[in-house]
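Please read the structure below before turning to the comments.
The values are calculated or read from the model by the stated rules, or taken from the named source; none is laboratory data. In this text the structure is predicted, and so the values were computed from the model without any measurement. As a convention, Cβ positions derive from the backbone with ideal geometry for all residues, glycine included, and neighbour counts pool all protein chains shown.
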Amino acid sequence: MSNDARIIFLHHSTGNCIWKGGVAEWFRNYNAGHKTNYRIEERSFPKKQPYGWRNAPYDYWNIWVEHAGTAPFMEEPTLETLTGDYNVIIWKHCFPVCCVKPDTGKSEIGSPEMRLENYKVQYAALMDKMLSFPQTKFIVWTAAALVKSMTNEDEARRAKAFVDWTIKEWDKKGDNVFLWDLYGLETEGGLYLAEKNAVSPADPHPSEAFSRKAAPFFCRRIVDVLEGRGDTGNLAG
């Protein structure tokens, strides 16, 4: 990719915390020092209205796969639109994605129920969709973790299983889809958002201090992807 790229970061509240940790400032400094023109923007996706404040695997599948096309779905842009405007598209889930219920033994791609079996088939369809836009690079965040007080061990282990599957099986080398491992940074190898990295033991948003620490890692991961190191650079940046 050339040294001129337009980037969109789609997020909700957790992503906003990291954004406010200094992402825009980091890119301004990087561009000045490296003679690049990497232009990054952020956007709430999906918006609270009319779609609703939900960004689980089902919601990306619903907007981008089930309702694909050049027309917006419930005022939200599809990938057909976004890929025409941006060279890099970054998307993520907020911490409710870690409220993973037990599997039933039968996956349902059109189900909003948060189960690993559903996540996998929705992610498979999303991967196929992203691969159909080979000129665009995609960066997907691993799940934002929950604090211990908001979950239980079984649920947390299912959430970790989702992250592990995303990293070890879903993500492949040599394509246009890459990961940034927020989950690993937040949990530091555990099952929960580490208390020192959270706003409080009862609030699963990343703290201001953690966000300032994580933002440069996020930015470096984006640059690695832009500059051809997406498959060799560290997933956490």
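Filtering segment 84-102 to residues that are in contact with a strand residue (DSSP E or B) (Cβ under 7 Å, 6 or more places away or on another chain), farther than 18 Å from residue 52 by Cα and surrounded by 15 or more Cβ atoms within 10 Å (Cβ to Cβ) leaves 86, 87, 88, 89, 90, 100.
For segment 60-76, filtered to residues that are in contact with a strand residue (DSSP E or B) (Cβ under 9 Å, 6 or more places away or on another chain) and not aliphatic (A, V, I, L, M), the residue that is nearest to residue 131 (Cα to Cα) is 64. Residue count for segment 210-237 under the criterion of being out of contact with any Leu (no Cβ under 7 Å at 6 or more places or on another chain), more than 22 Å from residue 4 (Cα to Cα) and hydrophobic (A, V, I, L, M, F, W, C): the result is 1.
Here's the yes/no breakdown for (1) among the aliphatic types (A, V, I, L, M); (2) under 22 Å from residue 141 (Cα atoms); (3) over 15 Å from the mean Cα position of the chain (by Cα):
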position: 2; (1), (2), (3): no, no, yes
position: 9; (1), (2), (3): no, yes, no
position: 17; (1), (2), (3): no, yes, no
position: 21; (1), (2), (3): no, yes, yes
position: 32; (1), (2), (3): yes, no, yes
position: 39; (1), (2), (3): no, yes, yes
position: 43; (1), (2), (3): no, yes, no
position: 47; (1), (2), (3): no, yes, yes
position: 51; (1), (2), (3): no, yes, yes
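Within segment 48-60, can one find any residue that is buried (at least 18 other Cβ atoms within 10 Å of the Cβ) and aliphatic (A, V, I, L, M)? The answer is yes, given that some residue of segment 48-60 is buried (at least 18 other Cβ atoms within 10 Å of the Cβ) and aliphatic (A, V, I, L, M).
In segment 90-109, is there at least one residue being over 19 Å from the mean Cα position of the chain (by Cα) and either within 25 Å of residue 202 (Cα to Cα) or modelled with pLDDT under 95 (or both)? Yes, because at least one residue in segment 90-109 is over 19 Å from the mean Cα position of the chain (by Cα) and either within 25 Å of residue 202 (Cα to Cα) or modelled with pLDDT under 95 (or both).
Taking (1) in contact (Cβ under 8 Å) with a residue 60 or more places away in the chain; (2) in contact with a Ser or Thr (Cβ under 9 Å, 6 or more places away or on another chain); (3) basic (Lys, Arg) in turn, residue 160 satisfies each apart from (1). Annotation: residue 143 fulfils all but one of (1) farther than 26 Å from residue 58 by Cβ; (2) in contact (Cβ under 8 Å) with a residue 24 or more places away in the chain; (3) touching a His at 6+ places or on another chain (Cβ under 6 Å); the unmet one is (1). Annotation note: Cβ proximity below 8 Å between a residue of segment 179-204 that is small (Gly, Ala, Ser) and a residue that is buried (at least 24 other Cβ atoms within 10 Å of the Cβ) (sequence gap 6+ or interchain) occurs for 184/142; 194/186; 198/204; 198/206. Taking segment 1-28 as the range and being among the β-branched types (Val, Ile, Thr) and within 18 Å of residue 47 (Cβ to Cβ) as the test, the residues that pass are 8, 14.
In the set 50, 57, only one residue is of a type outside the set (Gly, Ala, Ser) and in contact with a Leu (Cβ under 9 Å, 6 or more places away or on another chain); that residue is 57. Exactly one of these conditions fails for residue 52: (1) in contact (Cβ under 8 Å) with a residue 12 or more places away in the chain; (2) over 19 Å from residue 182 (Cβ atoms). Give me its number. With (1) in contact (Cβ under 8 Å) with a residue 12 or more places away in the chain; (2) over 19 Å from residue 182 (Cβ atoms) applied to residue 52, the lone miss is (1).
For the subset of segment 120-164 comprising residues that are hydrophobic (A, V, I, L, M, F, W, C) and in a loop (DSSP other than H, G, I, E, B), which member is farthest from residue 236 (Cα to Cα)? Ranking the qualifying residues of segment 120-164, first place goes to 133. Of the residues in segment 89-98, at least one is touching a Phe, Trp or Tyr at 6+ places or on another chain (Cβ under 6 Å), under 23 Å from residue 159 (Cβ atoms) and either assigned to a loop (DSSP other than H, G, I, E, B) or free of Cβ contacts under 8 Å to residues at least 60 places away in the same chain (or both).
Restricting to segment 45-89, name every residue that is over 19 Å from residue 16 (Cα atoms) and aliphatic (A, V, I, L, M). The answer is 63, 65, 68, 71, 74, 79, 82.
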